[in-house]
Amino acid sequence: MIDTSIFENKTAAYYTLGCKLNFAETSTIGKQLSTAGISRAQKGQSADICVINTCSVTELADKKCRQAIRKMIKQHPNAVVVVTGCYAQLKPTEIADIQGVDMVLGSDQKLDVLSYLNQFSKKEKSEVIITKTNQIKNFVSSCSADDRTRHFLKVQDGCDYYCTYCTIPFARGRSRNGSIASLVAQAEQVAEGGGKEIVLTGVNIGDFGKTTKESFFDLMKALDNVEGIERYRISSIEPNLLTDEIIEFVANSKRFMPHFHIPLQSGNDEVLKLMRRKYDTALFAHKIEKIKEVLPHAFIGVDVIVGVRGEMDIYFEEARKFIESLPISQLHVFTYSERAGTKALEMDNPVAPKVKQQRSKTLLKISEQKLEQFYNQNSGTYQKVLFESAKHGKRMMGFTENYVKISTSYNTALVNEIVDIKIGKLDTETMTMNAQFTVLENA
């Protein structure tokens, strides 16, 4: 039993790097500390505790983590500094060697930070508490809201795929998940609190059910019946796990939005084999075709990695042509980064940094063209927008059901409200569409 009296008048500062899953988990850590009486430090205030939740998806991510840790130590010189997350799990010694870090907690300890905070004095040497990855079995769900309109609900964690370029299975452990009943209960809590949109997050969401003998499709059906939630989005789903049944369900769903995010990683079958991906380009093309058949207005985001070992010029050119041929909305382009412990390091034919850079630019240009085309296709249509609370100068943003970003003058009455609008013209500088309200009166 933790003596919470030691936390009286204590404050905490948080810093999160990486994916939406990390943000959901940091939110849960914050709630736990808040329940114990630890308030969030205000801007400019020196905190008693700093929690940094790290990412390690690339070498650049590691670098950003180190910079963030040092920045937090400088801003909060007297704080007990706790570093957790993927980088902490994979390279705890690197973090422990940073002067000012008091505690390094692994993935299994991440959502139990409170139990390790038994004193508030700086340590001479960092304490490292890590569970070996193959022994990580616990699943702790998380749901973040903070000042956002959207809520991010963690439904699954870990991955069993072991793609040759990826360290996530080593950082987060095997695939595991919460029960449908517990996740439905969390969605109901979000609805009771006035939340209208939930993004389902995880490492490999389509693999949901490994630990509870359930399925992701069953979870979708159950969540679709939660009253009060207007919108669900699937953060990302592997193409081989995105069944036609799921696509058809989204097309007929009351609450799941016409919005898909699907990792392709390469548009060349030889490179996909090198990556040990579980599909080929024919299957991927079928999934895109199926989505557009039943949901022609759907937004489709696609992840791509450039410059992996073995990606010869001819392979990249084939991948480029394949990607250009797809009726997708946007690309998320990642430059391959060498990661210790991955099978990719055993492969031949590394790609030169300058070539990686050029390939990334090529695909980013394609992405810009596809996003602009998709947005312009929506110009003049009548759609529903959920506006968010964040201020962007004198503007506010919101998203349509099919994830078109909408901008209008800030109006507190619109925050967390779903509003009917007519989509105006595209602002290419901000890549947002203008909301038109007055025309609706005569529509």
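Criterion first (at pLDDT 90 or above and under 22 Å from V57 (Cβ atoms)) does G100 satisfy it? So G100 fails the test. State yes or no: is F217 touching a Leu at 6+ places or on another chain (Cβ under 7 Å), hydrophobic (A, V, I, L, M, F, W, C) and outside the structural domain of D108 (by TED's automatic domain parsing)? Answer is no for this residue. Here G194 meets the list (1) part of a helix (DSSP H, G or I); (2) out of contact with any Ser or Thr (no Cβ under 8 Å at 6 or more places or on another chain); (3) at pLDDT below 95 almost entirely, failing just condition (1). Annotation: of all residues in segment 34-63 being part of a loop (DSSP other than H, G, I, E, B) and of a type in the set (D, E, K, R), the one that is surrounded by the most Cβ atoms within 10 Å (Cβ to Cβ) is D48. Scanning segment 390-409 for residues that are within 24 Å of V294 (Cβ to Cβ), of a type outside the set (D, E) and touching a residue at least 40 places away in the same chain (Cβ under 8 Å) yields N402, Y403, V404.
Restricting D303, D280 to residues that are closer than 20 Å to Y162 by Cβ, in contact with a helix residue (DSSP H, G or I) (Cβ under 6 Å, 6 or more places away or on another chain) and outside the structural domain of S236 (by TED's automatic domain parsing) narrows the list to D280. Look at segment 64-90: where a residue is of a type in the set (S, T, Y) and assigned to a strand (DSSP E or B) and a partner is at pLDDT below 95 and buried (at least 19 other Cβ atoms within 10 Å of the Cβ), sitting 6+ places away or on another chain with Cβ atoms under 6 Å, you get T84/K110. Of the residues that make up segment 300-311, is at least one surrounded by fewer than 15 Cβ atoms within 10 Å (Cβ to Cβ), over 22 Å from the mean Cα position of the chain (by Cα) and either assigned to a helix (DSSP H, G or I) or at negative phi (or both)? Within segment 300-311, none of the residues are surrounded by fewer than 15 Cβ atoms within 10 Å (Cβ to Cβ), over 22 Å from the mean Cα position of the chain (by Cα) and either assigned to a helix (DSSP H, G or I) or at negative phi (or both).
Just one residue in the set A413, A390 is assigned to a helix (DSSP H, G or I) and more than 14 Å from D427 (Cα to Cα); that residue is A413. Scan segment 226-244 and tell me whether some residue there is assigned by TED's automatic domain parsing to the domain that holds Y165, within 17 Å of P296 (Cα to Cα) and surrounded by fewer than 19 Cβ atoms within 10 Å (Cβ to Cβ). Looking for residues that are assigned by TED's automatic domain parsing to the domain that holds Y165, within 17 Å of P296 (Cα to Cα) and surrounded by fewer than 19 Cβ atoms within 10 Å (Cβ to Cβ), one finds at least one in segment 226-244, hence yes. Taken as a whole, the condition of being outside any helix (DSSP H, G or I), in contact with a strand residue (DSSP E or B) (Cβ under 8 Å, 6 or more places away or on another chain) and exposed (fewer than 15 other Cβ atoms within 10 Å of the Cβ) applies to G380.
Regarding S107, is this residue at pLDDT below 90, part of a loop (DSSP other than H, G, I, E, B) and polar (S, T, N, Q)? Considered against the rule, which asks whether it is at pLDDT below 90, part of a loop (DSSP other than H, G, I, E, B) and polar (S, T, N, Q), S107 comes out as no.
Among the residues making up segment 98-111, a single one is surrounded by fewer than 17 Cβ atoms within 10 Å (Cβ to Cβ) and either free of Cβ contacts under 8 Å to residues at least 24 places away in the same chain or polar (S, T, N, Q) (or both): Q99. Flag: V415 matches the condition of being β-branched (V, I, T), at pLDDT below 95 and either surrounded by 16 or more Cβ atoms within 10 Å (Cβ to Cβ) or touching a strand residue (DSSP E or B) at 6+ places or on another chain (Cβ under 7 Å) (or both). Exactly one residue out of F437, F387 is without any contact (Cβ under 8 Å) to a residue 40 or more places away in the chain and surrounded by 13 or more Cβ atoms within 10 Å (Cβ to Cβ), and it is F437.
The values are calculated or read from the model by the stated rules, or taken from the named source; none is laboratory data. Here the structure is a predicted model, which means the values were calculated and not measured. Neighbour counts are summed over all protein chains in view; Cβ atoms, including those assigned to glycine, are modelled from backbone coordinates with ideal geometry.
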